[in-house]
Amino acid sequence: MSYKIVVDSCCELPEKYKKDSRFEIIPLGLEVGDYQIMDDENFDQKEFLAKVAAYSGCPKSSCPSPERYRESYHCDADNIYVVTLSSKLSGSHNSAVLGKSLYHEKYGDKNIYICDSESASCGETQIALRAMELEESGHSFDEIVKILEVFRDEMSTYFVLDNLETLRKNGRLTGVKALVASTLSIKPVMGADKGTIVQRGQAIGIKKGLAKLAELAAKEVVKPEEKVLMITHCNCPERAEQIKNMILEKIKVKDVVVMDTAGISSMYANDGGIIVTI
């Protein structure tokens with residue numbers, strides 16, 4: 001049976017899949033004061049980060065409409081898999097669910113599975129590529145849904161950012177009860193708990209922060225030889241290489257994928273941010 005994988009634009013896809021007809025990326029909106037753009041193929045990270053750096057306020061994002069999702073489901077594919085940002089962080093998941101209801105009302109029945117990634121960025125990528133892998137290996141829709149939910153629950157997300165202010169000002173750190181000051185050189189090591197951002201540790205300086213992240217990732221992963229290590233970085237390929245090497249010194253994995261952040265991830269991770277999923 002034919003299939004399609006729909007993701008919101010917080011999901012970074014490897015370059016070879018960005019124009020693959022099996023995938024559709026639904027863009028979120030980005031707003032930095034009067035500067036408003038869509039997070040699509042025209043996103044210019046360098047320009048965007050410069051706008052953010054020059055802006056005294058807080059950049060914001062807007063989620064896609066349910067109608068936009070509905071129309072993405074209206075295609076020839078028999079099976080639709082949708083992967084969204086954590087529902088604790090964005091309205092994108094709710095729009096995708098409402099879009100499914102609107103689709104059924106207008107077009108009738110279809111297999112549509114909407115997965116709350118309980119993550120973001122490369123966490124969404126992990127689930128999207130796993131769905132593709134399962135479809136290509138001949139699993140049924142119902143089997144894939146069950147496997148993806150277990151896969152999502154076993155996946156871990158970690159990140160270290162130079163700047164947490166965008167997350168803080170946009171109310172995305174409500175799950176963090178005692179966040180250390182983002183001043184000086186203290187770097188919180190953050191993670192996800194069922195889609196809510198939590199603090200997992202802290203370190204002095206970015207290098208020690210990355211080392212702490214690597215330690216946690218290596219310690220907590222189950223059957224690493226079966227897992228793909230995914231790293232997204234916001235304009236800092238050298239840091240991405242550092243964290244990759246730190247983790248691979250501790251464990252062996254099936255594969256490694258390193259990507260630069262698109263718009264939404266760039267907004268929240270800020271310049272120099274590192275996100276890891278495994």
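The values are calculated or read from the model by the stated rules, or taken from the named source; none is laboratory data. All of these numbers come straight from a predicted model, not from anything done at the bench. In this analysis, Cβ positions are derived from the backbone assuming ideal geometry, glycine residues included, and neighbour counts consider all displayed protein chains.
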Just for the stretch 90-116: of the residues that are among the hydroxyl-bearing types (Ser, Thr, Tyr) and either outside the structural domain of CYS11 (by TED's automatic domain parsing) or assigned to a helix (DSSP H, G or I) (or both), which one is nearest to ARG152 (Cα to Cα)?
SER92
If I filter the stretch 116-155 down to residues being at positive phi and touching a residue at least 60 places away in the same chain (Cβ under 8 Å), which single residue comes out as nearest to the chain's Cα centre (by Cα)?
SER121
Which residue out of THR166, THR125, THR174 is assigned to a helix (DSSP H, G or I), among the β-branched types (Val, Ile, Thr) and outside the structural domain of HIS93 (by TED's automatic domain parsing)?
THR166
Please give the number of the condition VAL257 fails out of (1) aliphatic (A, V, I, L, M); (2) without any contact (Cβ under 8 Å) to a residue 40 or more places away in the chain; (3) in contact with a Cys (Cβ under 8 Å, 6 or more places away or on another chain).
(2)
Here the residues within the stretch 8-29 that are exposed (fewer than 13 other Cβ atoms within 10 Å of the Cβ), part of a loop (DSSP other than H, G, I, E, B) and within 16 Å of the chain's Cα centre (by Cα) are LYS18
Listed by first then second residue, the pairs whose first member lies in the stretch 91-104 and is under 16 Å from SER61 (Cα atoms), whose partner is crowded, with 22+ Cβ neighbours inside 10 Å and charged (D, E, K, R), with beta carbons under 8 Å and at least 6 positions apart or on separate chains, are SER92/ASP8; HIS93/ASP116
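Name the one entry in SER87, SER119, SER72 that is assigned to a helix (DSSP H, G or I), among the small types (Gly, Ala, Ser) and either assigned by TED's automatic domain parsing to the domain that holds ALA269 or in contact with a strand residue (DSSP E or B) (Cβ under 7 Å, 6 or more places away or on another chain) (or both).
SER72
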Just to be sure I understand the filter: pairs with C-beta atoms under 8 Å, separated by 6 or more residues or on different chains, first member in the stretch 48-74 and of a type in the set (A, V, I, L, M), second member part of a helix (DSSP H, G or I). Which pairs pass?
LEU49/SER266; VAL52/THR166; VAL52/MET267
Mind listing whichever residues of the stretch 237-278 are closer than 26 Å to VAL7 by Cα, modelled with pLDDT of 95 or more and of a type in the set (S, T, N, Q)?
THR261, SER265, SER266, THR277
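Taking the options ALA217, ALA240, name whichever one is within 23 Å of GLY263 (Cα to Cα) and out of contact with any Cys (no Cβ under 7 Å at 6 or more places or on another chain).
The unique qualifying residue is ALA240.
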I'm checking my understanding of the structure. Among residues of the stretch 192-213 that are in contact (Cβ under 8 Å) with a residue 60 or more places away in the chain and crowded, with 19+ Cβ neighbours inside 10 Å, which one is farthest from ASN163 (Cα to Cα)?
GLY195
Would you be able to say whether some residue in the stretch 187-200 is touching a His at 6+ places or on another chain (Cβ under 8 Å) and modelled with pLDDT of 90 or more?
no
